[in-house]
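Take a look at the structure below.
The values are calculated or read from the model by the stated rules, or taken from the named source; none is laboratory data. What you see is a predicted model, and the numbers here were worked out from it, not measured in a lab. Because the Cβ atoms are built from the backbone with ideal geometry, glycine has one as well, and the counts that use them run over all protein chains shown.
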Amino acid sequence: MEYSIPTKELRVVEKVRAFVKERLDPISLQVEEDGRIPEEIVEEMRRLGLFGLSIPEKYGGSGLSTLAEVLVYEEMTRANACFRSRIGTNNGIGSMGILFDGTEDQKGRYLPPIASGRSTAAFALTEPDAGSDAARISTSAVLEGDSWILNGSKLFITNGGCADIFTTIAVADANKRTPGGFTAFIIERDMPGFTVGNPDRKMGMRGSMTNELVFRNCRVPKNNVIGGMHMVGQGFKTAMRVLDKGRLTIGAAALGASQKLLELCIQKLKSKMKTGAPADETQSSRFTIADMATELHAARQMLYHAARLRDQGNNVAHEASMVKLFCTETASRIADRAMDIFEDKGYLKKSQIEMYLRDVRLYRIFEGTSEIQRLIISRNLLKGES
């Protein structure tokens, strides 16, 4: 099947490829060690327009197709995964709720600074007792006059420490829950009663900041309900639409990491062969890279097909779950096999292998675990909605 993009979009992908090779990949291990992305790199990302890839040109973005966007993310994650994460919330879960369901005033106010990178957007859904099961969130929203009062907390919020704008899902009607009890709000960092906790210390993706968000009688104007007051109770639908697209981008991130791991393994095997290693010592590794390449090819076709379907206006919720499941599980298998090929050297900090092994593990968790994707896929199959 042919997967092509317009020349204008292709140039963007090529610019990102060069940027990754020249600027990002050389500092990947340093970013992992420091736990942060240098500000000059973030500024370069702004100049390249990387914070507004998916936002329409009308609001200051590039308006890339879904296929072009996943190609960009595939390139970005051939370096440290945190680089994609830094721009990912602006292009995806942090802004898409406003783009999909926001009023024209909300889009005009919030999307241009998000697209330029002057503001960072984040998405707040996960809670201490509601990780994979989003229907169990308990952060409450009570209408008092012209404001909503929010109380509760959110956990593991990507870019929480640097974000200015938070798409936040809260319970406005506890009796209705997911059918009509959740509402999506736009929270600004300086709103009274809203605080951001310290950065989490994580196993992987150490250069990507995640934080707890706390709402203590946080006062939010009525106008900050995404889509306006007639959208009260529609927050769960907004969140699911956002996550459907996000699962494609996570698939792309897993794909980029897998491709880089495969290339590192091929280089390692060629090096062994140059030193005169007997054929019987390299045969197992040869079979391994063949399996890696085959799975990677299948994952790529699945991702590109789903992206193209979305660009054609189709609902790809089912396909997005399959992409998220297959691409992230494939990435974990490839990372594990790469460790086998590199042996003890892959376990060392100076090797990118151990970094990728830790980072790709997260892809199977956030924006819906593998188990949640299996539940969604099987439910659709049983309902005949696939």
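At-a-glance table
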| item | result |
| --- | --- |
| Members of region 138-159 that are in a loop (DSSP other than H, G, I, E, B) and either in the same structural domain as Gly368 (by TED's automatic domain parsing) or touching a Ser or Thr at 6+ places or on another chain (Cβ under 6 Å) (or both) | Asn159 |
| Inter-residue pairs, beta-carbon under 8 Å, first over 16 Å from Phe215 (Cα atoms) and in region 103-131, second outside any helix (DSSP H, G or I) and aromatic (Phe, Trp, Tyr), 6+ apart | Ala121/Phe166 |
| Helices (runs of 4 or more DSSP H) wholly inside region 53-126 that include at least 1 residues being closer than 21 Å to Val31 by Cβ and in contact with an Asp or Glu (Cβ under 8 Å, 6 or more places away or on another chain) | 81-91 |
| Of residues in region 187-204 being touching a strand residue (DSSP E or B) at 6+ places or on another chain (Cβ under 9 Å) and hydrophobic (A, V, I, L, M, F, W, C), the one surrounded by the most Cβ atoms within 10 Å (Cβ to Cβ) | Ile187 |
| Selection from region 160-186 of residues that are assigned to a loop (DSSP other than H, G, I, E, B) and within 19 Å of the chain's Cα centre (by Cα) | Gly160, Gly161, Cys162, Ala163, Asp164 |
| Odd one out for Thr275 among (1) exposed (fewer than 13 other Cβ atoms within 10 Å of the Cβ); (2) under 21 Å from the mean Cα position of the chain (by Cα); (3) hydroxyl-bearing (Ser, Thr, Tyr) | (2) |
| Test: residue in region 83-90 that is charged (D, E, K, R), within 20 Å of Thr210 (Cβ to Cβ) and not assigned by TED's automatic domain parsing to the domain that holds Lys245 | yes |
| Answer from Ile137, Ile114 - the residue that is of a type outside the set (D, E, K, R) and within 18 Å of the chain's Cα centre (by Cα) | Ile114 |
